[in-house]
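Asks: Have a look at this one.
The values are calculated or read from the model by the stated rules, or taken from the named source; none is laboratory data. For clarity, every value in this text was computed on a predicted model and none was experimentally measured. Cβ: placed from backbone, ideal geometry, glycine included. Neighbour counts: every protein chain shown.
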């Protein structure tokens with residue numbers, strides 16, 4: 001199933017029609033630049049299919065894109081068939097997540113007042129912007145299956161620019177094997193509060209599927225990534241770090257010194273990886289193929305693990 005963008009529209013006031021523009025800019029976790037409805041909430045951008053608008057045109061109305069206050073008018077895709085939580089790629093880079101089908105109309109629009117009906121509350125959908133980018137009429141719109149990923153590097157030296165981080169790109173490369181899309185990436189010092197706050201932001205505000213940290217898992221006095229993780233997670237998943245340590249022990253007995261943790265917060269899975277490229281590669285390879293199923297379980301979409309034995 002693949003569709004296209006018919007028009008992109010914005011307005012600077014609520015409760016009015018939106019005006020088509022040549023090209024819009026979708027902003028990360030915010031919405032369509034310049035639009036009054038943009039903001040850090042769940043209804044950042046609205047979509048309505050031209051096929052839905054045609055139903056109203058059949059009543060004798062002359063209608064244009066944006067007349068129902070939709071931001072993006074689409075064609076060729078059944079928007080209501082997209083489950084809540086499904087993802088869409090739109091234009092060259094942007095990724096959207098469906099958050100709501102329809103809405104309650106408290107203040108009837110001019111079209112409703114004219115004929116006593118409006119299609120937007122029934123057939124429009126709302127999304128939040130997982131990854132921003134340009135969008136314009138003619139762009140393709142396609143449902144995609146992906147895992148949203150955050151990569152958090154914990155390193156004093158890398159944060160100060162004294163050492164090049166080589167783990168972030170490696171993690172990004174490896175997660176592509178499981179349809180992982182890196183949405184957020186940061187290099188932070190080994191400060192428990194700073195790391196904790198970033199984990200909370202990515203889990204609670206961005207609602208990422210998977211957060212992979214790298215570094216700060218040893219016995220050193222500045223190794224505080226496990227403490228930051230434990231302060232954030234609601235349930236531990238001890239089997240994941242056990243599998244990583246077991247894989248590491250095949251190469252070096254020092255792997256037993258890792259204090260890495262894994263666990264969940266809401267619908268986000270958080271995993272601590274080592275701070276070296278070799279450690280990252282060995283550890284992530286040991287658990288990579290089970291992560292899609294783990295994330296499905298966390299999100300309530302997968303079946304019982306026992307059925308897969």
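Asks: If we scan the stretch 11-34, do we find a residue that is closer than 18 Å to residue 121 by Cα, in a strand (DSSP E or B), out of contact with any helix residue (DSSP H, G or I) (no Cβ under 7 Å at 6 or more places or on another chain) and in contact (Cβ under 8 Å) with a residue 60 or more places away in the chain?
Replies: no
Asks: Among residues belonging to the stretch 120-136 that are buried (at least 20 other Cβ atoms within 10 Å of the Cβ) and touching a helix residue (DSSP H, G or I) at 6+ places or on another chain (Cβ under 9 Å), point out the one that is modelled with the highest pLDDT.
Replies: Taking the candidates together, the pick is 125.
Asks: Residue 40 fails exactly one of the following numbered conditions: (1) exposed (fewer than 13 other Cβ atoms within 10 Å of the Cβ); (2) outside any loop (DSSP other than H, G, I, E, B); (3) touching a helix residue (DSSP H, G or I) at 6+ places or on another chain (Cβ under 8 Å). What is the number of that condition?
Replies: Exception for residue 40: condition (2).
Asks: If you don't mind, there's one more thing I want to ask. Name, by its number, the condition in (1) within 30 Å of residue 268 (Cβ to Cβ); (2) modelled with pLDDT of 95 or more that does not hold for residue 102.
Replies: With (1) within 30 Å of residue 268 (Cβ to Cβ); (2) modelled with pLDDT of 95 or more applied to residue 102, the lone miss is (2).
Asks: Further question: Residues being part of a helix (DSSP H, G or I), out of contact with any helix residue (DSSP H, G or I) (no Cβ under 7 Å at 6 or more places or on another chain) and touching a residue at least 12 places away in the same chain (Cβ under 8 Å): count how many of those fall in the stretch 172-192.
Replies: The total comes to 2.
Asks: With respect to the numbered conditions (1) within 22 Å of the chain's Cα centre (by Cα); (2) closer than 22 Å to residue 82 by Cβ, which one is the sole condition not fulfilled by residue 25?
Replies: If we test residue 25 against (1) within 22 Å of the chain's Cα centre (by Cα); (2) closer than 22 Å to residue 82 by Cβ, just (2) comes out false.
Asks: Ok, one more. Among the residues of the stretch 50-71, are any assigned to a strand (DSSP E or B), surrounded by 13 or more Cβ atoms within 10 Å (Cβ to Cβ) and within 21 Å of the chain's Cα centre (by Cα)?
Replies: Scanning the stretch 50-71, I find no residue that is assigned to a strand (DSSP E or B), surrounded by 13 or more Cβ atoms within 10 Å (Cβ to Cβ) and within 21 Å of the chain's Cα centre (by Cα), so the answer is no.
Asks: Under the condition of being loosely packed, with under 13 Cβ neighbours inside 10 Å and more than 21 Å from the chain's Cα centre (by Cα), which residue from the stretch 75-107 is farthest from residue 148 (Cα to Cα)?
Replies: Step one: of the stretch 75-107, the residues loosely packed, with under 13 Cβ neighbours inside 10 Å are 81, 83-84, 92-93, 104-107.
Of the ones still in play, those that are also more than 21 Å from the chain's Cα centre (by Cα) are 104-107.
Details: 104: 30, 105: 32, 106: 34, 107: 36 Å.
This residue is 107.
Asks: Another question, then. Can you tell me which residue within the stretch 137-156, out of those that are surrounded by 14 or more Cβ atoms within 10 Å (Cβ to Cβ) and more than 21 Å from the chain's Cα centre (by Cα), is farthest from residue 277 (Cα to Cα)?
Replies: Going through the qualifying residues, I end up with 137.
Asks: If you don't mind, there's one more thing I want to ask. Does the stretch 196-216 contain at least one residue that is free of Cβ contacts under 8 Å to residues at least 60 places away in the same chain and crowded, with 22+ Cβ neighbours inside 10 Å?
Replies: No, that holds for no residue.
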